[in-house]
Number of protein chains: 6
Amino acid sequence: MIYVTRREVFSASHRLFNPQLTDEQTDKLFGKCNNPNGHGHNYILEVIVAGEINPDTGYLIDLKLLKKIIIDNVISKVDHKNLNMDVQFLSGKIPTAENIAIAIWNELDGKIPDGRLYSVKLYETENNYVEYRG
Amino acid sequence: MIYVTRREVFSASHRLFNPQLTDEQTDKLFGKCNNPNGHGHNYILEVIVAGEINPDTGYLIDLKLLKKIIIDNVISKVDHKNLNMDVQFLSGKIPTAENIAIAIWNELDGKIPDGRLYSVKLYETENNYVEYRG
Amino acid sequence: MIYVTRREVFSASHRLFNPQLTDEQTDKLFGKCNNPNGHGHNYILEVIVAGEINPDTGYLIDLKLLKKIIIDNVISKVDHKNLNMDVQFLSGKIPTAENIAIAIWNELDGKIPDGRLYSVKLYETENNYVEYRG
Amino acid sequence: MIYVTRREVFSASHRLFNPQLTDEQTDKLFGKCNNPNGHGHNYILEVIVAGEINPDTGYLIDLKLLKKIIIDNVISKVDHKNLNMDVQFLSGKIPTAENIAIAIWNELDGKIPDGRLYSVKLYETENNYVEYRG
Amino acid sequence: MIYVTRREVFSASHRLFNPQLTDEQTDKLFGKCNNPNGHGHNYILEVIVAGEINPDTGYLIDLKLLKKIIIDNVISKVDHKNLNMDVQFLSGKIPTAENIAIAIWNELDGKIPDGRLYSVKLYETENNYVEYRG
Amino acid sequence: MIYVTRREVFSASHRLFNPQLTDEQTDKLFGKCNNPNGHGHNYILEVIVAGEINPDTGYLIDLKLLKKIIIDNVISKVDHKNLNMDVQFLSGKIPTAENIAIAIWNELDGKIPDGRLYSVKLYETENNYVEYRG
């Protein structure tokens, strides 16, 4: 079993709030992340695939192919976007790093032809990141 | 002469466009940076002060003080904000990295008690940064 | 199950030795790390919490809260300190990265209100780091 | 159980191809990585050892010793080398990151005196890395 | 005057030697960098342009354009190449970081439409880099 | 004119204070940096040499030689040391980053055989660094 990681980056804006919470709850939970006009991040995404090496190629998966799958299914939909308004696969979700990571997992799941999706890591800032393993 | 640098970060959103340009010009110049709902970045700001060392302290400038000046005058106004709508010192400016760096210089200029402001560096992504030296 | 990481840094000094070992053993084991007047590091601490997302917030745990817990229980006690002399929770321990990581785990264990403590990672230099998972 | 990581770097060249594949297959699979005169990378190697802390030293394993084992068994054989032509332990293998990581595992396996080899991570570029856990 | 930097990376192999030197001189000067089958690096290239901001765009130079100029004139010629054998603009030169940086400057000089080429920085490893300012 | 940089790291402890200041001044100026038992950092040192390329070698200066000069004159004296007590070239100086950088310059000045010493950069933390150019 080997693990292969591809890293991609995207720049996006978001606002964290839940319309069903009171103003006081919102303030306490989301604070400055609830700025009505939004803020943004350079997100770093790492997609990890697990599996066996193909002896003909020495690859678990061709990284050019993995890159294309990530760009087509994720980066093209979130890069230079507003995560609250512009991204169908996040519609109706609070775009926290946790929710974005799970939604990215769901976008990629079933689309990796060699090996299986093992982990999605998402760095929101240099001090905060999340990981989801399905 | 010695140079002392303090690094701070902030997360903000922006949209790049000029209402006086045609749609075609806008598309060509700003492309995906002109997403109407905005996008965002983790900006890294480096403020460089130049001057002489104070022999009593071994400091050019106390970095706790430099940090406080940068936070009071810049970070508190741009962190978790929309740079087009929420920041008075960027009002009426296209918030490119170039314009933000110059506006930050102007916010800091004259407020450094020891040494003189030498340079403002602003990293917008891991691949793009600008520097302004007044 | 999702994993959320908060990164904090602290600067501290230490000296590695065990008074019960002979000088020769000490030299062989600790070498220059046993400088009598000590040396120091910028430590990077990553605290990883595992659990379920709260659907009301989209958070596993509010990172502002996790940051506060780490600062109150760890960073405030070790930052700008001598790890041999100034830190009660390291008293009587050889302050290797391994022992510091375990001691930090013990300081945090039981204090995370949402999710459970999953891992403590501690980077001592750019080439050395340790991880403890309880 | 604690995990201790040592990081080392090496600079090497390689060419990815399999003489048993057709030209068309080679082009599709290896593309520019099959440049006949080769290309190269600064590889970052992380070796992770798992085990118990020795109470006399506070170490799982003395990192000076782990460093020496990695340099003697791996770095001295691959640094400033051509991975297709100069490295006996890669002979007959396509030098993909996957195959290099497994071959490094095999070079280190059985040579760690304290703890057991847990993982070999190999970063080929800032966007691609692999991990092997035996 | 403002300075705008674009960062690109490329992976290449090389061998350092001068056929006009004796073996002894070669050994002393180039050591392991003279491995006959070559070695390689992930090079990081930073291209810095200096000039005035265009008030219509807020740009010194459109970074999409600067990126295209760097890729067309440099990256496409050196990425995944052998710098001794495959690169016309390095023909007959010892491909040290110093010589590569100057050759890249010459490839870019006169091709920047807005502002002027100010500096070429080239990182060969995490410990070695060079800068050329014309 | 080309600039060549060599980066080295060292780990050291220090305490910032001036015995000629009152306790109140000391508290205000040095705060937690004046912990009586000291604290420490992983310092990153960059030494930049400027000059002309030697056409026989393609080097401004052989980096193996520059590395040796830095290690013999600086790193061997400060790594794993207490900067207040163990380092002759810092004796009687407050070991601020500013003073350390200038002292390192003085240790290296006149010892670079090819090119001339251009700059000493010293990173004390990821947020603070200084530069001295003589």
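The values are calculated or read from the model by the stated rules, or taken from the named source; none is laboratory data. Fair warning: this is a prediction, and the values are worked out from it, not measured in the lab. Don't worry about glycine lacking a Cβ; one is built from the backbone with ideal geometry, like all the others, and counts go over all protein chains shown.
I'd like the full set of residues that are in a loop (DSSP other than H, G, I, E, B) and surrounded by fewer than 20 Cβ atoms within 10 Å (Cβ to Cβ), limited to the range B:37-59.
Across the range B:37-59, the qualifying residues are B:Asn37, B:Glu52, B:Pro55, B:Asp56.
Can you find a residue in the range B:17-36 that is at the interface with another protein chain (Cβ under 9 Å from one of its Cβ atoms), in contact with a Gly (Cβ under 8 Å, 6 or more places away or on another chain) and buried (at least 20 other Cβ atoms within 10 Å of the Cβ)?
There is no residue in the range B:17-36 that is at the interface with another protein chain (Cβ under 9 Å from one of its Cβ atoms), in contact with a Gly (Cβ under 8 Å, 6 or more places away or on another chain) and buried (at least 20 other Cβ atoms within 10 Å of the Cβ).
Check off (1) polar (S, T, N, Q); (2) more than 7 Å from every other protein chain (Cβ to nearest Cβ); (3) under 18 Å from the mean Cα position of the chain (by Cα) for B:Ser11 and give me the number that stays unchecked.
(2)
Just checking, which of A:Thr96, A:Thr125 is modelled with pLDDT of 95 or more, over 14 Å from A:Glu8 (Cα atoms), within 14 Å of chain C (Cβ to nearest Cβ) and surrounded by fewer than 18 Cβ atoms within 10 Å (Cβ to Cβ)?
On the way: A:Thr96 fails: surrounded by fewer than 18 Cβ atoms within 10 Å (Cβ to Cβ).
When all the criteria are applied, what remains is A:Thr125.
What's the total number of residues in the range B:109-134 that are closer than 16 Å to E:Tyr59 by Cα and among the charged types (D, E, K, R)?
3
Here are some conditions: (1) at positive phi; (2) in contact with a Pro (Cβ under 7 Å, 6 or more places away or on another chain). A:Gly58 meets all but one. Which one does it not meet?
Among (1) at positive phi; (2) in contact with a Pro (Cβ under 7 Å, 6 or more places away or on another chain), the lone unmet condition for A:Gly58 is (2).
Would you call D:Val4 farther than 20 Å from E:Lys81 by Cβ, facing another protein chain (nearest Cβ under 9 Å) and not in a loop (DSSP other than H, G, I, E, B)?
For D:Val4, the condition - farther than 20 Å from E:Lys81 by Cβ, facing another protein chain (nearest Cβ under 9 Å) and not in a loop (DSSP other than H, G, I, E, B) - is met.
Of a type in the set (Val, Ile, Thr), in contact with a Phe, Trp or Tyr (Cβ under 7 Å, 6 or more places away or on another chain) and within 14 Å of chain C (Cβ to nearest Cβ), is that true of F:Ile44?
Details: of a type in the set (Val, Ile, Thr): yes; in contact with a Phe, Trp or Tyr (Cβ under 7 Å, 6 or more places away or on another chain): yes; within 14 Å of chain C (Cβ to nearest Cβ): yes.
Criteria met by F:Ile44.
Of the numbered conditions (1) at negative phi; (2) part of a helix (DSSP H, G or I), F:Gly31 fails exactly one; give the number of that condition.
Checking F:Gly31 against (1) at negative phi; (2) part of a helix (DSSP H, G or I), the one that fails is (1).
Suppose we filter E:Asp56, E:Asp62, E:Asp86, E:Asp72 for residues that are without any contact (Cβ under 8 Å) to a residue 40 or more places away in the chain, within 9 Å of another protein chain (Cβ to nearest Cβ) and within 24 Å of B:Phe30 (Cα to Cα); which single one remains?
E:Asp56
Please specify each residue of the range A:89-124 satisfying the condition of being in contact (Cβ under 8 Å) with a residue 12 or more places away in the chain, basic (Lys, Arg) and not in a strand (DSSP E or B).
Within the range A:89-124, A:Lys111 is the sole residue that qualifies.
Residue-by-condition table, conditions (1) free of Cβ contacts under 8 Å to residues at least 24 places away in the same chain; (2) among the basic types (Lys, Arg); (3) more than 15 Å from D:Thr57 (Cβ to Cβ):
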position: C:Ala12; (1), (2), (3): no, no, yes
position: C:Gln20; (1), (2), (3): yes, no, no
position: C:Gly38; (1), (2), (3): no, no, yes
position: C:Ile44; (1), (2), (3): no, no, yes
position: C:Ser76; (1), (2), (3): yes, no, yes
